Amino acid sequence: MPGQPRIDRPHPGRRPGAPARRPVQRVAAAGVPSRGRGGLPPRGAVHGSGRPLPPVHRRPVGPRRLPRKKRRQANHHLRVITVRFLLIAALVAAGLKLVQVQGFEAEALAAKAQRQRTTEIDLPAKRGSIVDRNGVQLAFSVESRALAFRPNAMRDDVATYNKNIKDGKTEGTPLNYDTETEAIAKGVSRKVHVDEHELLGKLRSDKDFLYLAFNVEPAVARELQQEFPSLITEYRADREYPGKTTAANIIGVANWRTDDPDPEKHDLHGLAGLEGLRDNQLAGTPGRQTVATEEGNDGVVIPGPERDVKPAVDGSSIELTIDADLQYFLQQSLSDYVAKAQARGGSAVIMDAKTGEIYALADDKTFDPSQSGWDPALMGDPASTTPFEPGSVNKIITALCSIDYNITSPLDVHQVKGSIRVADRTIEDAWSHPTQPFTTTGIFAKSSNVGTLMLAQECGEDRFSDLVKKLGLGKRTGVGLPGESAGRVPPRGQWSGSTFGNLPIGQGLSMTVLQMAGMYQAVANDGVRVPPRIVAARVTPDGKRIPEPAAKPVRVVDAKTAKTVRDMFRAVVQKGGGLNNGTGVPAALTGYQISGKTGTAQQTKDDGTGYSQEDYWITFAGIFPADAPRFVVGIMIDRPHYFGGPPEGKSAAPLFHDVASHLAQKYNIPLSKEESPVVPLITS
């Protein structure tokens, strides 16, 4: 109907949805004017009478639309142009990036890629040994492995592996962390002496890194890592101390330090003694090697050719002057004597009379570096670090001064009272006696405080002070041990009147057993003091022996003075009967001349209010043999049971006897050509 919209109705024979047929265009017959577009007459055509039709006024319309087919062709063409433009832009961008990478960043990126495929590992240096004067090994290293594990990292690996299986990225059977760690615990416990349950607890802990076992043989560690690739094997160099406590206070200890959170920085380091002091020489320098890895720095090392290798430089060995057998003997003898004396402690040294080399240096308390859990109180070396007041062994300074300056001679007689006044102090002898005629030798052999101070006053403070310096007191000996004490001698400018009443009899100053023995070494060596040393040489990895620099000898007195004093002090061990007995008779050794001096020094009270009447240091310093000196021995016993106690609590002379006897046998020391003469000590 007119005015209603047109509805396309189904045409008979046409399927639903098929396009309607196009209307048939009729063609005009011959002689009939052609019609316009769509069969309509052209504008201005004559209709009927031939008069022109009036113009048709049409409503203005928008731009004429192209037919649907042409519109589709135009859109397709536009899309082609757009796609081409985008492709060209992408190719240009890729080209620019390629130029950037190849031209400007190639070297950096190549280096980065290389780093992702490689890592650097340490090539451990072998730690040098410590040996005695005869080449006996006191400390050496044995290669081993430590087993380690990263629990959290393995958990992540298992989770990632299982996820890849679930996502279809990997084919395999899902893993169970507990099952995997249980297998590791069983496998490791079979080959390493570690409890399986203890291992399992570590493996399942919430840790980034932990150790499972130590001291594992390299071959065993290699087998375990092949069976369980998640295990980490770490190079170790276990330190062995075959002598256990022998020389432990000298050697110290080296241990594998794991206090750094970075496992790559774990290494064998000296912790005490010479192991610590000489760590740089012993440790050597680790090398470096570049190796291929699966996953960069944290990946597994892939076996392959070595490259970029910087070889490790092994550490040097240290050769000591001590004799391990003699060291063991001295330690045992000292420890036994301290126990018998019911003392708090003790130290002793055996020194070469000519060279100052230390053959043995002992403390009664020690530790075993081959074990763990050391007590720091036992790891020190009191023989070189802990000074004491020497008592009467210090009287040798007055003897040297008196003879060297011709103040007296050995058999001169001196009327010695029972006491003497020095400044504001009164000093007495250890036993009460009236004025008695002491020979010079007798003053020292009987250890008279009064007689010694009489001679010291004639010597004078300045000459006495000069000898103190020449004998090395108040300064470190430079023996080559860590923490050595210099002792204490009051500076000359600070001496008061009473100072010179203390120093000559061995009080008011302090020294170590090394310094004490050093005074007697000078007398044994014809007046020349050679500073003690305990390190003989350094031996490089290629076997080259480099001797330690020798200390400069010091002339203390002339040879004649030294021999005279040495002969005088033989009377200390003299058994002449009655008043002619020396104070150190138990030190005597049949067939040998002995020269030495006993000492007893009061200790200060713990509260610092003066000297104790109960606590003492007892000392002995001796030269063996006196006629042909080979060794000097120094002994100090700390707080023995002095009053009412055993004989060992009153003198260290018996221990000197035992040491001298052992030295004579061990080194086949010839007997003295003659016995020491008996000389008068107190004349009647």
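The values are calculated or read from the model by the stated rules, or taken from the named source; none is laboratory data. These numbers were taken from a predicted model, which means no experiment stands behind them. Cβ atoms come from the backbone with ideal geometry, glycine included; neighbour counts cover every protein chain shown.
Regarding SER347, is this residue part of a helix (DSSP H, G or I) and surrounded by 20 or more Cβ atoms within 10 Å (Cβ to Cβ)?
No; evaluated as a whole, the condition is false for this residue.
Note down all Cβ pairs under 7 Å where the first residue falls in the range 556-568 and is basic (Lys, Arg), the second is not in a helix (DSSP H, G or I), and they're at least six residues apart or on different chains.
Going by the 7 Å Cβ cut-off, the qualifying pairs are LYS563/ASP526; ARG566/SER595; ARG566/ILE623; ARG566/ALA626.
Take LEU361 and decide whether it is assigned to a helix (DSSP H, G or I) and either over 29 Å from the mean Cα position of the chain (by Cα) or aliphatic (A, V, I, L, M) (or both).
Answer is no for this residue.
Yes/no per residue for (1) within 25 Å of PRO387 (Cβ to Cβ); (2) more than 50 Å from the chain's Cα centre (by Cα); (3) surrounded by fewer than 20 Cβ atoms within 10 Å (Cβ to Cβ):
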{"position": "PRO434", "(1), (2), (3)": "no, yes, yes"}
{"position": "PHE444", "(1), (2), (3)": "yes, no, no"}
{"position": "THR452", "(1), (2), (3)": "yes, no, no"}
{"position": "GLN457", "(1), (2), (3)": "no, yes, yes"}
{"position": "LYS470", "(1), (2), (3)": "yes, no, yes"}
{"position": "PRO491", "(1), (2), (3)": "yes, no, yes"}
{"position": "SER496", "(1), (2), (3)": "yes, no, yes"}
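Cβ contacts < 7 Å: first residue within 16 Å of ASP364 (Cα to Cα) and in contact (Cβ under 8 Å) with a residue 24 or more places away in the chain, restricted to the range 655-667; second residue in a helix (DSSP H, G or I) and among the aromatic types (Phe, Trp, Tyr), any location; separation 6+ or different chain. Result?
That search, which allows pairs on different chains as well, returns LEU655/TYR337.
Determine which member of the set GLN457, GLN515 is under 30 Å from ALA628 (Cβ atoms), modelled with pLDDT of 95 or more, in the same structural domain as GLY578 (by TED's automatic domain parsing) and not in a strand (DSSP E or B).
That would be GLN515, the only listed residue that is under 30 Å from ALA628 (Cβ atoms), modelled with pLDDT of 95 or more, in the same structural domain as GLY578 (by TED's automatic domain parsing) and not in a strand (DSSP E or B).
So which of GLY543, GLY634, GLY622, GLY599 ends up being of a type outside the set (Val, Ile, Thr), more than 29 Å from ASP336 (Cα to Cα), outside any helix (DSSP H, G or I) and assigned by TED's automatic domain parsing to the domain that holds CYS401?
Just one listed residue meets the conditions, GLY543.
Hey, can you tell me all the residues within the range 637-657 that are out of contact with any helix residue (DSSP H, G or I) (no Cβ under 6 Å at 6 or more places or on another chain) and either part of a helix (DSSP H, G or I) or not assigned by TED's automatic domain parsing to the domain that holds VAL573 (or both)?
PRO647, GLY649
Inside the range 574-596, can you point out the residues that are among the aliphatic types (A, V, I, L, M) and assigned to a strand (DSSP E or B)?
LEU589
Conditions tested, residue by residue: (1) among the hydrophobic types (A, V, I, L, M, F, W, C); (2) over 20 Å from MET154 (Cβ atoms).
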| residue | (1), (2) |
| --- | --- |
| SER189 | no, no |
| VAL192 | yes, no |
| GLU198 | no, no |
| GLY201 | no, no |
| ASP206 | no, no |
| PHE209 | yes, no |
| ALA213 | yes, no |
| GLU217 | no, yes |
| GLN226 | no, no |
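Could you pull out the residue among THR398, THR321, THR355 that is modelled with pLDDT of 95 or more, more than 24 Å from ILE637 (Cβ to Cβ) and crowded, with 24+ Cβ neighbours inside 10 Å?
Residue meeting the stated conditions: THR321.
Answer yes or no as to whether GLY644 is of a type outside the set (Ser, Thr, Tyr) and either in contact with a Cys (Cβ under 6 Å, 6 or more places away or on another chain) or at pLDDT below 95 (or both).
yes
Restrict the check to the range 551-565 and report whether at least one residue is under 19 Å from MET511 (Cβ atoms), assigned by TED's automatic domain parsing to the domain that holds GLY356 and in a helix (DSSP H, G or I).
Yes.
Of all residues in the range 188-213, how many are surrounded by 17 or more Cβ atoms within 10 Å (Cβ to Cβ) and either touching a residue at least 60 places away in the same chain (Cβ under 8 Å) or over 27 Å from SER370 (Cβ atoms) (or both)?
Residues flagged as surrounded by 17 or more Cβ atoms within 10 Å (Cβ to Cβ) and either touching a residue at least 60 places away in the same chain (Cβ under 8 Å) or over 27 Å from SER370 (Cβ atoms) (or both) within the range 188-213 amount to 4.
State the number of residues belonging to the range 184-220 that are part of a strand (DSSP E or B) and of a type in the set (A, V, I, L, M, F, W, C).
So the count comes out to 5.
How many of the residues making up the range 600-637 are within 18 Å of VAL523 (Cα to Cα) and either polar (S, T, N, Q) or touching a His at 6+ places or on another chain (Cβ under 6 Å) (or both)?
So the answer is 1.
Quick one: what pairs do we get from the range 116-142, first residue more than 10 Å from ILE318 (Cβ to Cβ) and modelled with pLDDT of 95 or more, second among the charged types (D, E, K, R) and not in a loop (DSSP other than H, G, I, E, B), C-beta under 6 Å, 6+ apart or different chains?
Filtered contacts from the range 116-142: PHE140/GLU240.
Mind checking whether some residue in the range 532-552 is touching a residue at least 24 places away in the same chain (Cβ under 8 Å), closer than 24 Å to THR398 by Cβ and surrounded by fewer than 22 Cβ atoms within 10 Å (Cβ to Cβ)?
So far as the range 532-552 goes, no, none of its residues is touching a residue at least 24 places away in the same chain (Cβ under 8 Å), closer than 24 Å to THR398 by Cβ and surrounded by fewer than 22 Cβ atoms within 10 Å (Cβ to Cβ).
Would you confirm whether any residue within the range 227-242 is closer than 15 Å to PRO369 by Cβ and in a loop (DSSP other than H, G, I, E, B)?
Yes, that holds for at least one residue.
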